[in-house]
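Q: Following this message is one structure expressed as C-alpha cells.
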Amino acid sequence: MFPQEDFKALGMRGDELVLLDQRLLPSREENFICKSVEDVFYAIKEMVVRGAPAIGGVAAYGVWFAAHDRKNFEQKCDYLKSARPTAVNLAWAVDRVRTVALQSDFDLDEVRKAADTIVAEDIAMNRKMGLIGSEVIRPGATILTHCNTGALATCGWGTALGVIKTAFYQNKNIFVYADETRPRLQGARLTAWELRRANIPSKLIPDSAAATLIRDGKIDLVILGADRIAANGDVANKLGTFALSVICKHYGVPFYSAAPLSTIDFDCPDGSHIPIEERDKSEVTHIEGIAVAPEDMDAYNPSFDVTPHGNITGIITEYGILREPYDVSIAALKEKAAQKA
Ligand code: MRU
C-alpha cells in the first residue's frame, strides 16, 4: 500500500487525547493535550484541530470524557456539538458515541471502543475514497485544491488530498496548485506542509490566482472537500469553494468534492438549510496578531460557503462517485449504507 503519513492530527495516549496543534504549523510541531470535555470543546472551537472528519474523531473522544460524568452527560454532549456549527461530522460522531454510552449504561471501555472505531473507519474510508477518486485523475494531470483536506483534516490520509496523494503514489505524475485559503491560510500552512512532506510537486497560489489558471487551461480538474452535503447534493465547504465552482463551470473544468458518508446530512434538504459559521472579524483584519486593516474597520467573515449541486461534476465517497441527479444518487447511497450497517 501507499506510505502512511508520519504525523497524526489526533490520537489517544493513555487517558489523554493528543492533538497536533494546527494553529502553530508549519513553524512549530507541538501537541495540545485534552483531558476533559472542556479541553475538547476549546480545541475544536479555536481550531487546534479542524477539518470535518478530524473534528468528528476528536468529538468522539470528547463523548468518552463526558461519559465519566453520567449526571451531566447529555448537557456535555450538547455543549460539544455547539463548538462549530457547519461540519455535520461533529454532531454525527457525538450522537453515535452518545448512543453507545446510553445503551451500554456508561461502560467506559465500550464508549472508548466506539470512538476508536470512528477513527479507524475514517482512515479506512479515506484510503478507499482515494482509490475510487484517483480514477478521475489522468496521468500528468494538474489539480487545483482548496483549504486542507489531508491527514490533518481527518483521522488519517485525507479526503480530497487523500485522492491526490493516491494518484501521486500511483505514479500518475501529477502537479498540484494549492490555494492559500484566506483568512486562516489552511492551504498555505497545512496543505503546503503536507504536500512538501510527501514530496508532491506543487505550488502555492493566492486564492485569486485560481481564476487565471483555470481560464488559461492550466488546471485539468479541481478536487476539494466538504463540511456538509445536503440531500440534493449542495456542498458546504471552505469559503471560496463556491467561487471556484462558478469559474470551473464557466470554463468547463471538472469540479469534484470528496467526502465520506458521515459528511452527508440526509435530513438537510438543500444548502439553504446548512448553518454557516461566522468567525471573528479579527481573522480578516489581522494576520498573526498584526493588523492588516485599520483598527476600526469592520469585517464579514463567513467560514464556509455553499456550492450548488449543479456546479459539481461528481461527489467522491467511499461507496463510489455520486453524479447528477444528486437527490437520486444520494437517496440510493442512503439505502446502500443502511443495508451494509
Ligand atoms: O475551517 P476548517 O479548516 O475546519 O475547514 C475545513 C474545510 O473546509 C475542509 O475542506 C473540509 O472540512 C473537508 S476536510 C477533509
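Q: Which of THR142, THR317, THR263 moves the most in a Gaussian network model of the chain with Cα springs under 10 Å?
A: Highest fluctuation of the listed residues: THR142.
Q: Only helices at least 20 Å long along their axis, Cα-based, and averaging 0.5 or more on Kyte-Doolittle count here, so list those DSSP H runs from the chain.
A: 52-66, 88-103
Q: Placing +1 on the Cβ of each Lys and Arg and -1 on the Cβ of each Asp and Glu in segment 10-126, which of VAL18, LEU90, THR117 has its Cα farthest towards the positive end of the resulting dipole?
A: Toward the positive end, the furthest listed residue is LEU90.
Q: Something else now. Placing +1 at every Lys and Arg Cβ and -1 at every Asp and Glu Cβ, with all other atoms neutral, what dipole size does segment 136-340 have around its Cα centre, in debye to the nearest 20?
A: With Lys and Arg at +1 and Asp and Glu at -1, about 1060 debye.
Q: Follow-up question, since we're still on this one. Could you state the number of Å between the C-alpha centres of segment 158-222 and segment 1-77?
A: 26
Q: On each of the three principal axes of the Cα atoms of segment 10-126, give max minus min coordinate, whole Å, ordered largest first.
A: 44, 30, 29
Q: When the expected Rg is taken as 2.2 N^0.38 Å, what fraction or multiple of it is the alpha-carbon Rg of segment 237-341?
A: Working it through for segment 237-341, the quotient is 1.36.
Q: Just to be sure I understand: of the beta bridges DSSP finds with both ends in segment 136-340, what percent are antiparallel, rounded to 5?
A: Close to 40 percent.
Q: Using +1 at the Cβ of each Lys and Arg and -1 at the Cβ of each Asp and Glu in segment 257-309, identify which of HIS286, TYR300, SER262 lies farthest towards the dipole's positive end.
A: Result: SER262.
Q: Here's another thing I want to ask about it. Run lengths n ≥ 4 of DSSP H only: what is the helix-derived mean residue ellipticity at 222 nm for the chain, with -39500 (n - 2.57) per run over all residues, to the nearest 500?
A: The helix contribution divided over the chain gives -11500 deg cm²/dmol.
Q: Give me the tail of P(r) for the chain as a percent: Cα-Cα pairs with distance above 39 Å.
A: Percentage above 39 Å: 9.
Q: Mean-square fluctuation check for the chain, GNM, Cα pairs under 10 Å: which of GLU278, GLU288, GLU110 is largest?
A: Checking each option, the largest mean-square fluctuation is seen for GLU288.
Q: A further question on this structure: Which of ILE290, ILE330, ILE223 moves most in a GNM of the chain, Cα contacts under 10 Å?
A: ILE290
We did not get these values from a lab; they are worked out from the coordinates using the rules stated. Computed from a prediction, not measured in an experiment: that's the story for all the values here. Ideal geometry is used to build each Cβ from the backbone, glycine not excepted, and the neighbour counts take in all protein chains shown.
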